[in-house]
Amino acid sequence: MTESNFSLKKIEISVSEAEKRTGRNAMNMQETYTAYLIETRSVEHSDGQSVLTDSLWRRCSAFEWLRNYLLVYYPHVVVPPLPEKRAEFVWHKLSADNMDPDFVERRRIGLENFLLRLASHPILCRDKIFYLFLTQEGNWKETVNETGFQLKADSRLKALNATFRVKNPDKRFIELKHYSDELQSVISHLLRVRARVADRLYGVYKVHGNYGRVFSEWSAIEKEMGDGLQSAGHHMDVYASSIDDILEDEEHYADQLKEYLFYAEALRAVCRKHELMQYDLEMAAQDLASKKQQCEELATGGELFSIWGVTTQLFGQETPEQREARIKMLEEQIKEGEQQLKSKNLEGREFVKNAWADIERFKEQKNHDLKEALISYAVMQISMCKKGIQVWTNAKECFSKM
Amino acid sequence: MEGECRASPARSWGLPAGGAGGDSPGGDVPLPGSISSSALLQTEVLDLDEDEDDLEVFSKDASLMDMNSFSPLMPTSPLSMINQVKFEDEPDLKDLFITVDEPESHVTTIETFITYRIITKTSRGEFDSSEFEVRRRYQDFLWLKEKLEEAHPTLIIPPLPEKFIVKGMVERFNDDFIETRRKALHKFLNRIADHPTLTFNEDFKIFLTAEAWEFSSHKKQGPGLLSRMGQSVRAVALSMKGVKSRPEEFMEMNNFIEIFSHKINLIDKISQRIYKEEREYLDEMKEYGPIHILWSASEEDLADTLKSVASCIDECCKATEKRMSGLSEALLPVVHEYVLYSEMLMAVMKRRDQIQTELDSKVEALTSKKADTDLLTEEIGKLEDKVECANNALKADWDRWRQNMQNDIKSAFTNMAEENILYYEQCLATWESFLTSQTDLHLEEASEDKL
């Protein structure tokens, strides 16, 4: 359930289906892709009934376009990440095949989650393009393109690893960047080890399945022990097969962690934006300062030790009129520069203010979500233990009857 | 004299009470085994039909050697006591108590070997004293076993632990190997002591009581190696002829032994494999917990929750270690002993068949009048007696063995189930208390917000 400002009614969004399709791409080549059905329902306040208002199919690339657009137009927002395109941190049983139905299903859930995150974001939920994504069947891509977001995009934002020498960055952003690096590193590590643990656990459970087979064969030659062996063997089979559901549940937990792994990058993007703005600001200030200096030098005639001075010395004396013209040009540039600096400063401060507001919001969301995820992990473990107790209690009973 | 000095004092000595060498039939050190992992996870149910060569008695895996560090030296758990009681045939009449302990290394110019201290306490009259202490090496046990087999070819002699390490061992004698062997040797002697017939065997008595020089001179008196070899060559020749008329009950017995042998071997492999998988699971879990601590260092609100999760995982690791230790105490040695027993049984069947074949060939010779009739008839008479004796001995011992096997297997697997239940109960308690603490905190925080 989400609240949306473009309608007074409450809106429900779901990615209800995923479908494999083939088609021709821009280069007229055959390709296979997955399309997702997005359904939007509005909920009447009075009776809580939901009515289907929109239903359309979008493919993966559309989601990416949407996100890229949002990144450009809302650089101060920690934009929710998309789920992974390729299965990573897999343990052996899960296939890393992107067309695998389990993976497609998890992707569907991830994309739905993405849309729900957007819809519940106080700023992003109001975006027109987002609204059209949910409602405009055809030509949505064209509409996005018309915004010219690609031209607006700062290509420097992509190069997250390049360094820009910024003299006075806001310390909080430095810390935040540091935090996002740590978060990314620790969650990756966690997911890697979790996959290995899952692998091993799978092995332990499955080997017990062999007992089932052998006990059954053995029971054939035993008179007194036969029944006990046979039924114990059955419980071993139950035990062995129980791991499949257990690990499937754990996969959802891993997906929750993965979302925050990807969120780390969104955080870094905001930090990078601040860095770039600060860099541009400092460059502009530097430029202004040098222009002012030139102006002063021209005015006072102390050119001898400046570059201007040297060149004019080389190319001959200039006339007083020429000098006047130059000073005037500089003065205009300085005026312009001061205006630009002022607005850049303002922009910078606005950005910092807005970004921090969203970062605070994000922090709370993160703490809440991750805590819930950890609790759900505990719940899963509890369920696994209860199942284990039951199976082994049954098996013990069979053994004691042998 | 046998009726005296029984019950409480002697019995309490027999039960593990914290002395050296616990006589629980289970070992507290695993029989590490390593099965080639190529077959791992090929199908839903792992396929374990690999050839013998792949089954290593001991693996090079150094991590398995660490078992000693957390397995209790003395199995004083009630479970092991139950084992103890169960494997005695007639607990009230037990008057011979044996322990095998204190392995010691001996280095000579020719070789290095280990001796084990054997302490015998008895109230039997035919023993000169009530307490004996001797040192014996593996070779001596082997000698004893062979003497017993000679004297009672159709009795089910308890098995000895394996002679050689098959593959993969770097050192010939490492602590794990010695400890496992010691326990198995302890079991071996106690099984003999409990056997209604074998317990009175003279060689057994000498083994338990004779001083070193006395013992070695006695050993030399037995039939030489050559004659033993000669016997076995003849035995092979005889067995090659095939058993023409094995009585029905022995056909059944043979059938049972074949199938049992196959199954118990599989169970041995499966159990070793489970142990190995659990070990690897434990290794990964040990890395898993600390990552949460690492994470908590960069978090504020989440730090406590993360630390709690880490400590839960830690608790589960401890529970896993305990489960593994229980497995290696209660299950693995028992299953492995029966693997060796199944080999022993097949040898016993062969020997019985040989005796019968001897008779059959003489009978055949008689009917075809190949040799002196009178002499043959006399020989046949003797052989018929021999066959009857052998068959009866085997029959009686077979029933006894079946009963013991049933008890041992039942208790081994019941223990395994119990260990697993305990493991899951422990983990459940850990996670449930985590959950409670988190929800309590939640309520606390919620009420704080309201203030």
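The values are calculated or read from the model by the stated rules, or taken from the named source; none is laboratory data. None of these values were measured; they are calculated from a predicted model. Using ideal geometry, Cβ is built from the backbone for each residue, glycine included, and neighbour counts are taken over all protein chains shown.
Laid out as a table, the results:
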quantity	calculated
Tabulated pairs, the range A:14-37, first loosely packed, with under 10 Cβ neighbours inside 10 Å, second modelled with pLDDT under 85, C-beta under 6 angstrom, 6+ apart or interchain	A:Thr22/A:Thr32
Test result for B:Leu302, more than 39 Å from the chain's Cα centre (by Cα), touching a residue at least 12 places away in the same chain (Cβ under 8 Å) and at the interface with chain A (Cβ under 8 Å from one of its Cβ atoms)	no
Residue ID - nearest to A:Ile375 (Cα to Cα), chosen from residues in the range B:282-299 that are facing another protein chain (nearest Cβ under 7 Å) and surrounded by fewer than 17 Cβ atoms within 10 Å (Cβ to Cβ)	B:Leu294
From B:Lys350, B:Lys362, residue being touching an Asp or Glu at 6+ places or on another chain (Cβ under 9 Å) and of a type in the set (Lys, Arg)	B:Lys362
Residues (free of Cβ contacts under 8 Å to residues at least 24 places away in the same chain and over 14 Å from A:Tyr279 (Cβ atoms)) located in the range A:160-190	A:Asn161, A:Lys171, A:Glu175, A:His178, A:Glu182, A:Ser185, A:Val186, A:His189
Check on B:Thr120, crowded, with 19+ Cβ neighbours inside 10 Å, in contact (Cβ under 8 Å) with a residue 60 or more places away in the chain and out of contact with any strand residue (DSSP E or B) (no Cβ under 9 Å at 6 or more places or on another chain)	no
Some residue of the range A:167-177 being surrounded by 15 or more Cβ atoms within 10 Å (Cβ to Cβ), under 35 Å from the mean Cα position of the chain (by Cα) and of a type in the set (Lys, Arg)	yes
Residue ranges of helices (runs of 4 or more DSSP H) in the range A:87-176 with at least 1 members at pLDDT below 85	A:101-119, A:149-152, A:155-158
Candidates A:Glu321, A:Glu331 - the one that is modelled with pLDDT under 95, exposed (fewer than 12 other Cβ atoms within 10 Å of the Cβ) and more than 9 Å from every other protein chain (Cβ to nearest Cβ)	A:Glu321
Flag if A:Leu247 is modelled with pLDDT of 95 or more and under 19 Å from A:Ser376 (Cβ atoms)	no
Members of the range A:344-402 that are at the interface with chain B (Cβ under 8 Å from one of its Cβ atoms) and polar (S, T, N, Q)	A:Asn367, A:Gln381, A:Thr393, A:Ser400
All positions within the range A:213-222 that are surrounded by fewer than 21 Cβ atoms within 10 Å (Cβ to Cβ) and assigned to a helix (DSSP H, G or I)	A:Arg213, A:Ser216, A:Glu217, A:Ser219
Test: residue in the range B:418-437 that is over 30 Å from A:Val379 (Cβ atoms), crowded, with 19+ Cβ neighbours inside 10 Å and within 12 Å of chain A (Cβ to nearest Cβ)	no
Meets criteria (more than 15 Å from B:Ile409 (Cα to Cα) and more than 12 Å from chain A (Cβ to nearest Cβ)) for B:Glu343	yes
Qualifying positions in the range B:123-150 - at pLDDT below 90 and in contact with an Asp or Glu (Cβ under 8 Å, 6 or more places away or on another chain)	B:Ser123, B:Arg124, B:Gly125
Matching residues, the range A:223-247, being touching a residue at least 60 places away in the same chain (Cβ under 8 Å) and either crowded, with 21+ Cβ neighbours inside 10 Å or within 18 Å of A:Cys385 (Cβ to Cβ) (or both)	A:Met225, A:Gly228, A:Leu229, A:Ala232, A:His235, A:Met236, A:Val238, A:Tyr239, A:Ser242, A:Ile246, A:Leu247
Criterion: within 14 Å of chain A (Cβ to nearest Cβ), within 32 Å of the chain's Cα centre (by Cα) and at pLDDT below 95 - qualifying residue of B:Gly326, B:Gly230	B:Gly326
Tally, over the range A:209-255, of residues that are under 43 Å from the mean Cα position of the chain (by Cα), of a type in the set (Val, Ile, Thr) and within 11 Å of chain B (Cβ to nearest Cβ)	1
Tally, over the range B:305-323, of residues that are surrounded by fewer than 19 Cβ atoms within 10 Å (Cβ to Cβ) and away from chain A (no Cβ under 13 Å)	3
Lone unmet requirement of (1) more than 30 Å from B:Glu300 (Cβ to Cβ); (2) more than 10 Å from chain B (Cβ to nearest Cβ); (3) not aliphatic (A, V, I, L, M) for A:Lys206	(2)
